[in-house]
Structure formats: C-alpha cells, structure tokens
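Trainee: Take this structure, written in structure tokens, and hold onto it; I'll ask about it next.
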Amino acid sequence: MNINIVAVGSIKEKFFKDAVSEYAKRLSRYVKLNIIEVKDEKTPAMASALEEEKIKEVEAERILSKLTNSYVVALTIDGKKYSSEELAKRMEKYDILSKGNLSFIIGGSLGLHKSVIDRADEKLSFSEMTFPHQLMRVILLEQIYRAYRIRNNEPYHK
C-alpha cells in the first residue's frame, strides 16, 4: 500500500522532524510512505475573509495537483471520528477502496479550501480541537502506525 501525506507547509522544528522520521521508519515495514509538502502562502496580519479564501484557493491548487489516482481522506474538524481500533478496521477498508494508493490531506493554518474537501472521498477528524499542521502530521503518522500494529495483532500502547 502507498500512503501519501499531502501537507501544506514544511516542518521547521527539529523535534517534529525527528518524530516524523521515526514514525516513517516504523511504518516502512507495513507501507510505502510518501510525505508530500506543498508551499504554504503567507497570511497577512488582519487578513480579510476574501484574502484568506484566496490563500486557501492557491494552496488547494497545489494540493489537488498531487492527488492523481488516489483515494483521498481530508483531515477536517467536522470529519468522522474513530477510536484507534476503529481506525485500524477502517485502514483495512482503505486497502480495498484506495486500490493501493491512499492520500491523507493536512491543510495549512487557514484550513482546507472547499475544492479540496469536495475532492476528498471522505473526511477524518482527530478532535474538535485545532492542531498546528506540523503536530497534526506527527499525530496522523502515529495513528497510522498504531492502526497497523493493531491490524497485525502486535503489541501497542493502550
């Protein structure tokens, strides 16, 4: 299975980079992981709603260009929530639905444009809370790794 993490922006903090690298290494025994970063747009202080919409639109074009032949799961606050065990079962379904090519989308600081959400095959939420996109990448990778451990009846932290 190919799993793509398409994320707006890059990770600058070493501790986040280290965590992403660690989970990528752990996941390598289960999947082929691709982390695809698209450039984020600077948001001016006191940006208007129109300016924010335009920024999301530009970022959306970059995201959408990376989604060829993929089952797409957009991370949004209003998406479906799963327990870790339920996500492990859902990952089994993703194997079938994705035909081997699954993409998770993490938006930038303003979230995802409607065009990305419309393109998504489903929406996934980890919480009602908002997380920085760098941290969300680590959380997502950890939960995917946990899902594969559960699926393979391997020990995992409960």
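Trainee: What are the residues in segment 112-130 that are surrounded by 19 or more Cβ atoms within 10 Å (Cβ to Cβ) and either assigned to a loop (DSSP other than H, G, I, E, B) or under 12 Å from the mean Cα position of the chain (by Cα) (or both), if any?
Mentor: To start, the set of residues in segment 112-130 that are surrounded by 19 or more Cβ atoms within 10 Å (Cβ to Cβ) comprises 112-113, 116, 120, 124.
If the condition is that a residue be surrounded by 19 or more Cβ atoms within 10 Å (Cβ to Cβ) and either assigned to a loop (DSSP other than H, G, I, E, B) or under 12 Å from the mean Cα position of the chain (by Cα) (or both), then L112, H113, A120, L124 are the ones that fit.
Trainee: Say we look at segment 1-48 and pick out the residues that are free of Cβ contacts under 8 Å to residues at least 40 places away in the same chain, in a helix (DSSP H, G or I) and not aromatic (F, W, Y); which of these is surrounded by the fewest Cβ atoms within 10 Å (Cβ to Cβ)?
Mentor: Filtering first and then ranking leaves K14.
Trainee: Right, another one. Report yes if H133 is closer than 25 Å to F16 by Cβ, out of contact with any Pro (no Cβ under 9 Å at 6 or more places or on another chain) and surrounded by fewer than 16 Cβ atoms within 10 Å (Cβ to Cβ), otherwise no.
Mentor: Details: closer than 25 Å to F16 by Cβ: yes; out of contact with any Pro (no Cβ under 9 Å at 6 or more places or on another chain): yes; surrounded by fewer than 16 Cβ atoms within 10 Å (Cβ to Cβ): no.
No; evaluated as a whole, the condition is false for this residue.
Trainee: Select from segment 21-42 the residues that are closer than 15 Å to R62 by Cβ and not acidic (D, E) and write down the one among them that is farthest from the chain's Cα centre (by Cα).
Mentor: Taking segment 21-42 and keeping what is closer than 15 Å to R62 by Cβ, we get 35-42.
Restricting the remaining residues to those that are not acidic (D, E) gives 35-36, 38-39, 42.
On the way: I35: 9, I36: 10, V38: 12, K39: 15, K42: 21 Å.
This residue is K42.
Trainee: Sticking with this one: Which one of D95, D121 is at pLDDT below 95 and of a type in the set (D, E, K, R)? Steps first, answer last, please.
Mentor: On the way: D121 fails: at pLDDT below 95.
Within the list D95, D121, the selection yields D95.
Trainee: Looking at this structure, is K56 modelled with pLDDT of 95 or more, of a type in the set (D, E, K, R) and under 20 Å from D121 (Cα atoms)?
Mentor: Values: modelled with pLDDT of 95 or more: yes; of a type in the set (D, E, K, R): yes; under 20 Å from D121 (Cα atoms): yes.
Considered against the rule, which asks whether it is modelled with pLDDT of 95 or more, of a type in the set (D, E, K, R) and under 20 Å from D121 (Cα atoms), K56 comes out as yes.
The values are calculated or read from the model by the stated rules, or taken from the named source; none is laboratory data. It should be emphasised that the depicted structure is a prediction, and the values quoted were computed from it without experimental measurement. Heads up, the Cβs are rebuilt from the backbone with ideal geometry, glycines too, and the neighbour counts pull from every protein chain shown.
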